[in-house]
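Reading through the structure tokens given below for one structure.
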Amino acid sequence: MRPDLPSHQKFLKVCSLFVVSLYLHGCGSAPQVPEPSTALPESQTTAALNPVQLPPSQFSSQFNKAEQDLQRFNWMAASNTLAEIPAELTSETDQQYLDYLQARIHYQKGHQQEASRLLLARESSFEPLDPAIRIKANNFQRYMLSLSGKNLQSARQGEQMLSYLSSDDNTVSAMHRSIWSELQKASSEELQQALNEATEPRWQGWLSLSVIMTHQGESPLDLQRDLTRWRDENPDHPGANSLPGGLDHLLELPEPLQNVALILPLSGRLAPAAKAVRDGYLSRYYATQPQGQLATHELQIIDRDRYSSIEQAYTNASAAGAQLVIGPLNKNDVANLGKMPDRPVPVLALNRVDEILPIDEMAFIQLALAPEDEAQQIAQLAFGQGNRRAMLIRPRGNWGDKMEQALLERWTALGGTIAATARYSGQEDYSSSTAAALSLPASEQRAGDMRRLLGTKIEFTARRRQDVDSVFLLSRNSAEARSLKPLLAYHYAGKLPVYATSSIYRGTTDSRNKDLNGVKLVETPWILSPESRGARASMTPGTDAYTRLYALGADAFLLQSRFSQLQAGADVFIRGNTGLLSLDPQLRIRRQLQPATFDGGVIKPQ
């Protein structure tokens, strides 16, 4: 009979504590406004700004109305309101506030350079900015930088703001979280270069701590050593007292797990996918052993297909001593296991369900390659690059419905609109649905009317609708995307930037991908890394089409080794193979992927 291990008891306590804290965290609400707070720019949380009052003004009512209009993305109404203010009656601080609001108007219109010019001109003027307006303006700069992917610059702006923000604990803590989140989105190369060039000690501290966390493959003991050394070398740094992102939890390592169960469907229809997950997990499992720094745990690899139910497979794994169950892979199994009462062992599920699962004292984490997350990220990518009115191309059916809903949720929250939508059922209506969405039949109809009116032939070139500045191509696979992308050029929309999810790329070299040149997408870091090419050669034959699932398995092991860090809840960020990993209040792992583009038929980091 296996004894009750101290590590097991501590593990269960960790899980129950962070479940409670996460759900408490999830009780807060967030305003849906484009102006960020001192917290994460994209999360738009309610952390208070520096409690400095705006300067008094005889135009306060107009300023307030313009602010409200901008929160509703009605830049035209805001512009009209501000136009009523007579310039000759404004004070210096009135002009500062006007410039700030005008910058926001330009940004909502998609004129990002003009917005930045207004803000920077005020920052460098001889007249010092009013403290409250300065906070608003700099905070909006952070927001723009973050959305445009300039995460290091956004973090630097936040770090500089610390010198004049209120010393209020909530304000400072929110800014620390924001700085850390932006740094985690920067690449390891960017961080190292910035560290080499940094001269200010506090900024050097943030960067050096971030560089430590780019060492994804580092063992828990090595990571603990590096974090301890960083804190000893930076005792006065604002992050030293309480390390950001839950890193404090990595300083006190529990005894390693003695028994882990991997439950996957290894003999049925999902066997190739499951074997790719298994191979990815084992690659990290075996990579830790030669170092002699992580005790080898017993690993149960359980074929889900040999059991009548997932509950039975889970119960048998628990009875065999498992302290953590990784799996299942099937979505229905995830739902059933998530509803199972009195689970004695925490679970890291490898799929995600739409419904909210019941709260249990034993953690039930969901890690998935959810395409909906990617749809939201390409919405943010497009908006950050100045696009505001998009055309959406998507297949009919449940998959297309879910993807459209996810994209619209983020796109409209940012202030974007969908000007046209093309929904196709199959290859036979690719062209007609795209042409209709671009209003080409209407253009041709007008030409026909003109011919009949004049009674003669006229030269005519169809004109597409002009109120579209970008295209969201939500194709299910590369074959669809390769057929649809050239049609945009055929229908006079070839110059519009096109955004897509990773579903358009199989993860393998294909000369036909030249048809995707110029498409911007988000992709898993592992696919974009040189490491993936070598790993494919070692994958089980027949699983090379599941390269992202290999990365999913590797991330399952990574999360297993960093499980205690998840106590940080929404503050946690872990650089994974499938993306930058964070946790939502329902204990679902969210992934932020890496921007990429097709160039010469080859996918490249952007």
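The values are calculated or read from the model by the stated rules, or taken from the named source; none is laboratory data. Here the structure is a predicted model, which means the values were calculated and not measured. Glycine also receives a Cβ, built like all others from the backbone with ideal geometry; neighbour counts cover every protein chain displayed. Surface areas here come from the heavy atoms of the whole protein model, side chains and all, with no ligands, DNA or RNA. Shrake-Rupley method; radii C 1.70, N 1.55, O 1.52, S 1.80 Å.
Determine which member of the set SER29, SER37 is at pLDDT below 95 and either surrounded by fewer than 16 Cβ atoms within 10 Å (Cβ to Cβ) or acidic (Asp, Glu) (or both).
Working: SER37 fails: either surrounded by fewer than 16 Cβ atoms within 10 Å (Cβ to Cβ) or acidic (Asp, Glu) (or both).
Answer to the check: SER29.
Where the second residue is modelled with pLDDT of 95 or more and part of a strand (DSSP E or B) and the first is farther than 19 Å from ALA413 by Cβ and open to solvent by 10 Å² or more (accessible area, probe 1.4 Å) and lies in the range 381-398, which pairs have Cβ atoms under 7 Å and are six or more apart or on separate chains?
Listed pairs, sorted by first residue: ARG396/ARG423; ARG396/TYR424.
Counting only residues that are small (Gly, Ala, Ser) and at pLDDT 95 or above, which one in the range 62-90 is surrounded by the most Cβ atoms within 10 Å (Cβ to Cβ)?
Pass one, the range 62-90, residues small (Gly, Ala, Ser): 66, 77-79, 83, 87.
If we keep only those that are at pLDDT 95 or above too, we end up with 66, 77-79, 83.
Details: ALA66: 27, ALA77: 15, ALA78: 25, SER79: 18, ALA83: 9.
Here the residue is ALA66.
Quick one: which residue in ARG202, ARG225, ARG304 is more than 25 Å from the chain's Cα centre (by Cα), under 30 Å from SER178 (Cα atoms) and in contact (Cβ under 8 Å) with a residue 12 or more places away in the chain?
When all the criteria are applied, what remains is ARG202.
GLN193 is checked against (1) part of a helix (DSSP H, G or I); (2) buried (at least 17 other Cβ atoms within 10 Å of the Cβ) and fails just one. What number does that condition carry?
(2)
Go through the range 147-180 and give me each residue that's within 23 Å of GLY246 (Cβ to Cβ), at pLDDT below 95 and polar (S, T, N, Q).
Those that are within 23 Å of GLY246 (Cβ to Cβ), at pLDDT below 95 and polar (S, T, N, Q): ASN170, THR171, SER173, SER178.
Is it true that some residue in the range 221-235 is among the aromatic types (Phe, Trp, Tyr) and in a helix (DSSP H, G or I)?
The first filter runs over the range 221-235 and keeps only residues among the aromatic types (Phe, Trp, Tyr), leaving 230.
Okay, now just the ones that are also in a helix (DSSP H, G or I), so 230.
Within the range 221-235, one or more residues are among the aromatic types (Phe, Trp, Tyr) and in a helix (DSSP H, G or I).
Exactly one of (1) at pLDDT below 90; (2) buried (at least 17 other Cβ atoms within 10 Å of the Cβ); (3) under 20 Å from the mean Cα position of the chain (by Cα) is unmet by SER532. Its number?
SER532 satisfies all of (1) at pLDDT below 90; (2) buried (at least 17 other Cβ atoms within 10 Å of the Cβ); (3) under 20 Å from the mean Cα position of the chain (by Cα) except (3).
Across the range 571-593, what is the total count of residues that are under 21 Å from LEU183 (Cβ atoms) and either among the hydroxyl-bearing types (Ser, Thr, Tyr) or surrounded by fewer than 21 Cβ atoms within 10 Å (Cβ to Cβ) (or both)? Give the steps one after another, and end with the answer.
As a first pass, look at the range 571-593 and keep what is under 21 Å from LEU183 (Cβ atoms): 571-584, 589-593.
Narrowing further to those that are either among the hydroxyl-bearing types (Ser, Thr, Tyr) or surrounded by fewer than 21 Cβ atoms within 10 Å (Cβ to Cβ) (or both): 571, 575, 578, 580, 582, 584, 590.
Residues that pass the stated criteria total 7.
Scan LEU392, LEU408 and give me the residue that is modelled with pLDDT of 95 or more, under 30 Å from SER116 (Cβ atoms) and assigned to a helix (DSSP H, G or I).
One residue alone meets the criteria, LEU408.
Is it the case that the range 162-172 has a residue that's of a type in the set (Phe, Trp, Tyr) and open to solvent by less than 20 Å² (accessible area, probe 1.4 Å)?
No, the conditions are met nowhere in the range 162-172.
For PHE126, are the conditions met, namely being in contact with a strand residue (DSSP E or B) (Cβ under 9 Å, 6 or more places away or on another chain) and of a type outside the set (D, E, K, R)?
For PHE126, the condition - in contact with a strand residue (DSSP E or B) (Cβ under 9 Å, 6 or more places away or on another chain) and of a type outside the set (D, E, K, R) - is not met.
Quick one: what pairs do we get from the range 131-150, first residue within 17 Å of GLN112 (Cα to Cα) and open to solvent by less than 10 Å² (accessible area, probe 1.4 Å), second small (Gly, Ala, Ser) and not in a helix (DSSP H, G or I), C-beta under 8 Å, 6+ apart or different chains?
That search, which allows pairs on different chains as well, returns ASN139/SER37.
Going residue by residue through the range 322-334, is there one that turns out to be within 27 Å of GLN586 (Cα to Cα) and surrounded by fewer than 19 Cβ atoms within 10 Å (Cβ to Cβ)?
yes
Considering (1) charged (D, E, K, R); (2) in contact (Cβ under 8 Å) with a residue 24 or more places away in the chain; (3) out of contact with any Lys or Arg (no Cβ under 7 Å at 6 or more places or on another chain), say which one GLU355 fails and leave the rest.
(2)
So how many residues does the range 278-307 have that are at pLDDT below 70 and in contact with a Leu (Cβ under 6 Å, 6 or more places away or on another chain)?
Within the range 278-307, residues that are at pLDDT below 70 and in contact with a Leu (Cβ under 6 Å, 6 or more places away or on another chain) number 1.
One line per residue, one yes/no per condition, for (1) modelled with pLDDT under 80; (2) surrounded by 13 or more Cβ atoms within 10 Å (Cβ to Cβ):
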site: GLY426; (1), (2): no, no
site: SER443; (1), (2): yes, yes
site: LEU453; (1), (2): yes, no
site: PHE460; (1), (2): yes, yes
site: ARG464; (1), (2): yes, yes
site: ASP469; (1), (2): no, yes
site: LEU474; (1), (2): no, yes
site: TYR492; (1), (2): no, yes
site: LYS520; (1), (2): no, yes
